[in-house]
1. In nm, give the distance between the simple-model label positions of Ser42 and Leu306, each being 7 Å from the Cα along the Cα-to-Cβ direction.
2. Sorted from largest down, give the three principal axis spans of the alpha carbons of the range 78-174, whole angstrom values.
3. How many nm separate the modelled label positions at Ala4 and Asn127, each set 7 Å beyond the Cα in the direction of the Cβ?
4. Ranked from highest to lowest mean number of other Cβ atoms within 10 Å per residue, what is the order of the peptides 292-303, 175-186, 274-285?
5. Stretched out fully, how many nm does the piece from Ser264 to Asp31 gain, at 0.36 nm a residue minus the Cα gap?
6. Let me have the relative contact order for the range 10-75, percent, based on Cα pairs under 8 Å that are six or more residues apart.
7. Working out 0.36 nm times the residue gap between Ile161 and Glu12, then minus their Cα-Cα distance, what length gain in nm do you get to one decimal?
8. Using the alpha-carbon centroid of each, what span in Å lies between the range 164-184 and the range 41-63?
Amino acid sequence: MRTANFPFDEQECLLIISPWGYTARQVTVYDSGSSINLSGNSEWSAEGKFSRENIVDVQQNRYKELHYIIHLKRNPSYYVWVLIVPTYLITCLSIAGIFMPNSSGDERIEKVTLGLATLMTMAIILNIVSEAMPKGADLPLLGHFVMAEIILCLVSLVLSIGIIQVHHRVSTRTCLPPEWLATLLFLPPFEHLVEASHDKQQFPDSKKKAFRQRSIGEQKSFKRELTNAWTANLNQLATQATKSEKSTPQPDFFDDLRQLVIESKTYLNKLNHIDAVVHHWVRIFGRIDTLFFISFQIINFIMTTLILY
């Protein structure tokens, strides 16, 4: 029984008719040519039959045999809709969940949980496949397909863990994104983003009430704009203090106030810079996630097509 193409396999059933009690000189068998209606069942369909005559020599006697070969084809509908299609869809959804762009490290950790749950689901499907597959020396086509899907999910999970580690490292150390990486992902350089953030208008106080109703990305953008507004106000206060000091003699606390304003401005600029770096890394890793998402979906489709067809 050839099971390499299971569940798209075709089998040939050999039926031998021979009168072993009589030699070929005593009795002859032949195909009368009459038509035979072949009918299959829910799993197999009989495609056709043909016959041939054969002479066998046994102990100096010749015996005549009539061989009927019936061609059978398996109906793969059950395996396609119960095993192949769910496995393919689970893999597609797993890839979509693992490489969905996000802005939070906690959301990335949830991707690992999703990947592990997918691998457990694949293990259950593989157990079902092993029970349904015919036992043989070679792994059938359906087994190759399920193993390939498991390997694809495993590779995507490993890449997601690597992205989590790199994202955490560059975010905590506030490393500047390299220009070649931004250019490769069709993103503007980091310096242009910093200049654009400084040119934004001050954020009105009337919109602070809706801050808690915003998403994580919108909250970070709100904080960045609010920091710019505070910086502008401190700059104005420092300028007024400097003009007052030049016009009239002032006590020493104005020097302390100016120093405090300068230090506050430096600290806020540092926070604004760190926030801009983290935000730019989020955009970079979002593009990387999108790139991996498209690539793995294409690989999954091509791999499924090559294995099954």
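1. The two pseudo-label positions are separated by 3.6 nm.
2. Over the range 78-174, Cα extents along the principal axes are 56, 25, 15 Å.
3. 3.2 nm
4. Peptide ranking by packing, descending: 274-285, 292-303, 175-186.
5. Full extension from Ser264 to Asp31 adds 73.5 nm.
6. Normalised by residue count, the contact order of the range 10-75 is 49 percent.
7. 48.7 nm
8. Between the Cα centre of the range 164-184 and that of the range 41-63, the gap is 71 Å.
Every read-out reported here was derived from the displayed coordinates using simple, explicitly stated rules and does not represent laboratory data. None of these values were measured; they are calculated from a predicted model. Glycine gets a Cβ as well: all are built from the backbone with ideal geometry, and neighbour counts include every protein chain shown.
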